[in-house]
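Everything on this sheet refers to the single structure shown next.
The values are calculated or read from the model by the stated rules, or taken from the named source; none is laboratory data. These numbers were taken from a predicted model, which means no experiment stands behind them. Positions of Cβ are generated from backbone atoms using ideal geometry, with glycine treated the same way; all protein chains shown enter the neighbour counts. Calculation scope for accessible area: heavy atoms of the full protein, side chains included, ligands and nucleic acids excluded. Shrake-Rupley method; radii C 1.70, N 1.55, O 1.52, S 1.80 Å.
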Amino acid sequence: MNKIKMVCITTAILATTSIYAQSSSETKTTLPYGDNPNIFKVLAYKTGQAVQNTAEKVGNATEKGINKIKPKVGETWDNTKTYTTEQAEIARDTTRKGIDTAVKKINETKDNIVGTSGGNVPIERGNLSDASMSSVPSPTTVTAPVITAPPIAPAQNASAQEEPEITKQSLPLNNASAKQTTSNDDVGVPR
């Protein structure tokens, strides 16, 4: 039994060394630029790997930076939208107030110039010889309703009262020393 154990252990040890020898030769990797490459092919491959690694590092750093500032930018954008909305509402309200004030002033001015319809106009009575700025108050003030009348049409009898037509006339010149010739174009023009 001892011999059988010994044979098994020796076989196991010898078999394992051959397995390790085979696996080490299979793990050998071939380079992408071949076994005996040109120096420029090797430099191009190494430069490409360096550029690729740098691009990946820059991409990762950019993503980290974007993730850091994204909440702040989003908050600022929301604040900007809110502020713009508030300012638009304020501007709209101010514009409405301005329009209302302008319409009110226009109506007041119109009422002052034309008079209010249906309102009462104060009439003061007094002597015509009294000055308008006298220290004596006017004796009575009576209010009378305003009556609006249609505009007065021009007289239909306009053809009966025609104005005379003005004509040009030439005045004689009494200057005997210098005779001037006159043409029909200069008739009626004073000299």
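To keep it simple, each residue is scored yes or no on (1) among the aromatic types (Phe, Trp, Tyr); (2) exposed (fewer than 10 other Cβ atoms within 10 Å of the Cβ).
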{"site": "36", "(1), (2)": "no, yes"}
{"site": "40", "(1), (2)": "yes, yes"}
{"site": "66", "(1), (2)": "no, no"}
{"site": "70", "(1), (2)": "no, no"}
{"site": "93", "(1), (2)": "no, no"}
{"site": "105", "(1), (2)": "no, no"}
{"site": "111", "(1), (2)": "no, no"}
Residue list for segment 3-32, filter: at pLDDT 75 or above, of a type outside the set (A, V, I, L, M, F, W, C) and open to solvent by less than 70 Å² (accessible area, probe 1.4 Å): 10
Hits in segment 72-81 (condition: open to solvent by less than 80 Å² (accessible area, probe 1.4 Å) and under 17 Å from the mean Cα position of the chain (by Cα)): 80
